[in-house]
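Before any comments, here is the structure.
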Amino acid sequence: MSIELRNVTHTYSAGSAFQSTALRDVSLKIEDGEFVALVGHTGCGKSTLVQHLNGLLKPTSGQVLVDGEDLNGANVNRRELRQRVGLVFQYPEYQLFEETVAKDIAFGPRNQGLPEDEIDARVRRAMAHVHLDYGKYAGRSPFELSGGQMRRAAIAGVLAMEPSTLILDEPTAGLDPHGRDRILGMLQELHRDGTTIVMVSHSMDDVAKLATRVIVMDTGTVLLSGTPREVFAQREAMDKAGLGVPAAARLCAALRERGVKLPSELYTPDELREAILRLWKEGQPC
Amino acid sequence: MLNNITIGQYYPVKSCIHDLDPRVKILLTIALIVAVFLVHSAIGYALVLGFLYLTCRLAHVPFRMLLKGLKPLRWILVLTFVLNLFFAADGDILLQWQFITIRKQGLLNALHYSLRLLFLVMGTSLLTLTTSPIQLSDGMEMLMSPLKVIHFPAHELAMMMSIALRFIPTLMDETDKIMKAQMARGADFESGNLIARAKAMVPLLVPLFVSAFRRAGDLAMAMEARCYHGGEGRTRLRVLKLGRGDLWASLAVAGLIGLIIVEGIVLPGGLW
Ligand SMILES: Nc1ncnc2c1ncn2[C@@H]1O[C@H](COP(=O)(O)OP(=O)(O)O)[C@@H](O)[C@H]1O
Ligand SMILES: [Mg+2]
């Protein structure tokens, strides 16, 4: 399933004294099997953009096409679409409401009208995906969990609908490093199993580790789009967008400034290590 | 989704009316409302309407904003008019058709009561359009502070009011966000019968209450961390001071009330 935005502009409270344009003429396409990272400074319109991808927001002008079909057309079932394009909002743990974790995760599949045994199977699968032990946590109140566990339970609530595209708005915001790694590991697994993923993130290191494509936004427009290597090579543009580059790319640049003959486009710790080791073996001074 | 609801309808522009002392504005609004109840003729109502219109222009607030404030009350206005129109017991009969009787007294009452209600709402709207909620609660606190002698909790009331006002937009945002998040999980808030819809509110209301309590707890903690301990001995950041504009505004309202009274004496019975 591909999702395409064509010249999408979104203005909040259009026509009132408080109107503000959050997206300006944005065009982009998300293909099957990609892991897209959406980055940009706070308030540049990332959350607004992702809410267009499953029809929760309507563009003020322009189109959202899912498999070539206009999402806001008259005969499109947007509720059904939202089950194929799962959206995890920022701080999703604030949406938990049921008595037990299992019931809360079952909310989505139940809205889909699935039979009970299928709902149960999906709850188990979703909990396994987010590494929450079914036996231990299914019967607990979601409000008794720790912050990281609540976050994972909430993500499981969207996963249980088994969407083919999963969109996450800053899924690691406010978590400790351990909680963050669990979520990122889980996303990596999901992507490997064939789910298309769109992740909003502020951590260039996470982006470097996971994404197959990076879309950089700047005040309502798409500034750059390409593989992490292409994007992180544009250090000036990234700095201007207030983002910077991954730590490995920064280190690489600092070493180059001091005369170490490293290639310019390295951005992961592993490839930087390889390059430095190679230089060392060749007996270059470093 | 929720953007057609506006609470705290402050219209943020600069004008001489916005700059008036909130205490003065509150008192003058009360005076204006009392004046409306002294009116007994079409000329009097025209005077009030003219006054409201002029003030509106001076405040740089579009007159239709004032009319918009009437919209939620339209059924009450209609009801007031209709009830008074049909249920006057005496007076000359103007129209009689089957069981419907319209008397002159009924028509007059209907006009009086609905016009009074209309101007009452317009007057208070003008106050809230030109006074920010914070100024409003500051003004109320100062006006109520003499009552502290009889242990009336003026400061606490004003503080509760400003906090409540402060959190309305936050809670609206939160509602919007939670609603969208549950819709992303296939929730349906828009179709089904009454019971289905009430049930559909649970996934919205539970997180909303949880978050409201969390926010209240956080706020209480933050206030205590900054040594808040009630109104005793508290000085204020915005000291309210009466200015020349306040004098002019008071004179204008006094003038209006004078005109209404004179008009009532000169033309008793008015022009109806
Ligand atoms: N519900 C809303 N009403 C009005 N303006 C909004 C709303 N949500 C976001 N905005 C504005 O739109 C812009 C983009 O916001 P957002 O998409 O949340 O950015 P990001 O997720 O990149 O931080 C911001 O300027 C923000 O103030
Ligand atoms: Mg955001």
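Restricting attention to the range A:115-137, the residues that are surrounded by 19 or more Cβ atoms within 10 Å (Cβ to Cβ) and not in a helix (DSSP H, G or I) add up to 2.
Once the range A:156-185 is narrowed to residues that are closer than 25 Å to A:GLU118 by Cα and in contact with a helix residue (DSSP H, G or I) (Cβ under 6 Å, 6 or more places away or on another chain), the residue that is nearest to ligand 2 (Cβ to nearest atom) is A:ILE167. Does B:PHE189 satisfy being part of a loop (DSSP other than H, G, I, E, B) and either among the polar types (S, T, N, Q) or at pLDDT below 90 (or both)? Criteria met by B:PHE189. When the helices (runs of 4 or more DSSP H) confined to the range A:139-221 are screened for residues that are within 14 Å of another protein chain (Cβ to nearest Cβ), those reaching at least 2 such residues are found at A:147-159. Residues that are under 12 Å from B:LYS25 (Cα atoms) and either β-branched (Val, Ile, Thr) or not in a loop (DSSP other than H, G, I, E, B) (or both) within the range B:229-247 comprise B:GLY245, B:ASP246, B:LEU247, listed in sequence order.
Screening the candidates B:MET183, B:MET221, B:MET172 for the property of being under 27 Å from B:LEU136 (Cα atoms) and touching a Leu at 6+ places or on another chain (Cβ under 8 Å) yields one hit, B:MET172.
Within the range A:33-67, the set of residues being near ligand 2 (Cβ under 9 Å from one of its atoms) and closer than 23 Å to A:GLY194 by Cα comprises just one member, A:VAL50. Here A:THR60, A:THR100 are screened, and the one residue that is touching a strand residue (DSSP E or B) at 6+ places or on another chain (Cβ under 7 Å), surrounded by fewer than 17 Cβ atoms within 10 Å (Cβ to Cβ) and within 14 Å of chain B (Cβ to nearest Cβ) is A:THR60. Out of all the residues in the range A:132-182, which are in contact with a Phe, Trp or Tyr (Cβ under 9 Å, 6 or more places away or on another chain) and within 16 Å of ligand 1 (Cβ to nearest atom)? Passing the criteria: A:LEU168, A:ASP169, A:GLU170, A:ALA173, A:GLY174.
For the range A:46-65, filtering for residues that are under 18 Å from the mean Cα position of the chain (by Cα) and over 12 Å from B:MET183 (Cβ atoms) leaves 7. Each residue in the range B:202-223 was checked for being surrounded by 12 or more Cβ atoms within 10 Å (Cβ to Cβ) and either within 10 Å of another protein chain (Cβ to nearest Cβ) or not in a helix (DSSP H, G or I) (or both), and 9 pass. Of all residue pairs spaced 6 or more apart or on separate chains, those with beta-carbon atoms under 7 Å, a first member in the range A:190-208 that is in the same structural domain as A:ARG125 (by TED's automatic domain parsing) and more than 16 Å from ligand 1 (Cβ to nearest atom) and a second member that is among the small types (Gly, Ala, Ser) and outside any helix (DSSP H, G or I) are A:GLY194/A:GLY33; A:THR195/A:SER164; A:THR196/A:GLY33; A:THR196/A:SER164.
The criterion of at least 1 residues that are among the small types (Gly, Ala, Ser), free of Cβ contacts under 8 Å to residues at least 40 places away in the same chain and exposed (fewer than 15 other Cβ atoms within 10 Å of the Cβ) is met by the following helices (runs of 4 or more DSSP H) wholly inside the range A:226-275: A:235-240, A:247-257. On the stretch given as the range B:49-102, residues that are more than 29 Å from the chain's Cα centre (by Cα) and among the hydroxyl-bearing types (Ser, Thr, Tyr) total 1. Number of residues in the range B:248-272 that are on the phi < 0 side of the Ramachandran plot and outside any helix (DSSP H, G or I) equals 4.
The values are calculated or read from the model by the stated rules, or taken from the named source; none is laboratory data. Because the structure is predicted, anything quoted here is derived from the model rather than measured. All Cβ positions, even for glycine, are placed from backbone atoms using ideal geometry, and neighbour counts span all protein chains on display.
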